[in-house]
1. Check off (1) out of contact with any Gly (no Cβ under 9 Å at 6 or more places or on another chain); (2) at pLDDT below 90; (3) not polar (S, T, N, Q) for L60 and give me the number that stays unchecked.
2. In the set E94, E52, which member is surrounded by 13 or more Cβ atoms within 10 Å (Cβ to Cβ), charged (D, E, K, R), farther than 30 Å from R232 by Cβ and touching a strand residue (DSSP E or B) at 6+ places or on another chain (Cβ under 8 Å)?
3. Among the residues of the stretch 176-194 satisfying the criterion of being open to solvent by 50 Å² or more (accessible area, probe 1.4 Å) and over 15 Å from the mean Cα position of the chain (by Cα), which is modelled with the lowest pLDDT?
4. Output the number of the condition that M99 fails; it satisfies all remaining conditions of (1) under 30 Å from V149 (Cα atoms); (2) open to solvent by 10 Å² or more (accessible area, probe 1.4 Å); (3) in contact with a strand residue (DSSP E or B) (Cβ under 6 Å, 6 or more places away or on another chain).
5. Those residues that are in contact (Cβ under 8 Å) with a residue 40 or more places away in the chain and in a strand (DSSP E or B), I need them from the stretch 38-54; list them, please.
6. Can you name the condition, by its number, that L160 falls short on among (1) surrounded by 18 or more Cβ atoms within 10 Å (Cβ to Cβ); (2) in contact with a Pro (Cβ under 9 Å, 6 or more places away or on another chain); (3) at pLDDT below 90?
7. Within the stretch 119-137, which residues are modelled with pLDDT of 75 or more, closer than 22 Å to M188 by Cα and in a strand (DSSP E or B)?
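The values are calculated or read from the model by the stated rules, or taken from the named source; none is laboratory data. Everything numeric in this text was worked out from a predicted model, so none of it was measured. Cβ coordinates were reconstructed from backbone atoms using ideal geometry, including for glycine residues, and neighbour counts include every protein chain displayed. Ligands, DNA and RNA are stripped out before the accessible areas are found, and what is left, the full protein with its side chains, is counted by its heavy atoms. Shrake-Rupley method; radii C 1.70, N 1.55, O 1.52, S 1.80 Å.
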Amino acid sequence: MDRHALKIPCNAMPFICEADYSVSFGRMIHAVRTVPFHVAIYLLRGSMEIIEDGVRYELLPHRLFFLKSGVHHWGEKPFEEGSAWYYAHFYCEEPDVQMEELPRNIYYDTKVCLSPHDNEKYITLPKLTDCEHMRQIQKNFEKMIEAHVHGNIPQASVRLWQIFLECEKSALGDSVQNVYVKKLQEYMQAHYAESFEAKEVETVCGLSYKYAGTLFKEETGQTIREYQRTLRLRRAKQLLKETDKPVTDIAQLTGFSDVFYFSKVFRAEQGCSPSEYRRTYIPGI
């Protein structure tokens with residue numbers, strides 16, 4: 001479990017102090033700061049890097065990220081120009097030391113209420129959530145911002161709670177086995193462009209590299225390195241479609257130090273070269 005993951009008591013409503021939409025124009029790097037509030041960021045397009053207490057995270061579109069209050073964070077790499085995101089700054093009480101965590105296999109929708117006993121527990125939010133198939137989170141962000149702009153803080157806070165529950169919902173059905181797999185996926189999503197060694201994987205999930213690889217393959221159908229390559233190619237395709245960056249630059253940005261190898265892998269995956277792929281989607285570039 002990430003030591004800077006947010007723990008949210010079930011018996012406390014968060015208080016939103018700011019919620020809005022933002023976009024980067026020109027060179028923009030995340031500020032060096034330590035703030036007294038939690039931060040939620042939902043990236044709509046582009047990419048951004050945020051480092052929290054020395055741990056580097058790279059956000060891609062349709063990912064939700066939480067920063068914990070009181071923890072030093074900053075950026076070193078400029079955001080991709082044109083990056084856009086929703087964000088919320090909010091306060092929330094810390095769980096009492098005697099509180100237990102609500103089991104992750106319990107999810108409550110609008111038709112089911114927490115029991116009095118469950119209200120005395122807390123939920124732990126994933127640090128980085130891939131929301132590609134969770135459009136409800138984006139809708140709740142939009143409604144939350146709208147409510148905040150009109151001064152309806154209680155309604156905005158309810159929308160934030162719904163976002164919390166959507167994060168919990170994404171973890172439904174996690175077996176002991178795929179809890180380890182999810183840890184690895186979250187790590188690879190944050191560090192897909194970087195090379196890694198077996199010991200780093202072992203540190204992340206607490207298993208031997210061989211056993212972690214076996215679980216990962218059984219759960220996803222891919223090896224850990226195949227999954228990393230999938231993430232790299234997904235990002236490369238996005239950059240080819242949405243920017244005019246040279247193919248050489250895109251190869252380096254997505255972790256392929258050799259542009260010829262990048263082109264070979266890309267062709268094997270897509271059936272065409274990166275340049276041909278770009279022309280298909282963006283005529284004239």
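1. In the conditions (1) out of contact with any Gly (no Cβ under 9 Å at 6 or more places or on another chain); (2) at pLDDT below 90; (3) not polar (S, T, N, Q), L60 misses (1) alone.
2. Working: E52 fails: farther than 30 Å from R232 by Cβ.
Matching residue, one of E94, E52: E94.
3. That would be V176.
4. Single failed check for M99: (1).
5. Those that are in contact (Cβ under 8 Å) with a residue 40 or more places away in the chain and in a strand (DSSP E or B): H38, V39, A40, I41, Y42, L43, L44, R45, E52.
6. (3)
7. The answer is T124, L128, T129.
Table: residues versus (1) under 20 Å from the mean Cα position of the chain (by Cα); (2) open to solvent by 20 Å² or more (accessible area, probe 1.4 Å).
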| site | (1), (2) |
| --- | --- |
| K199 | no, yes |
| I224 | yes, no |
| T230 | yes, yes |
| R234 | yes, yes |
| K241 | no, yes |
| Q252 | no, yes |
| V259 | no, yes |
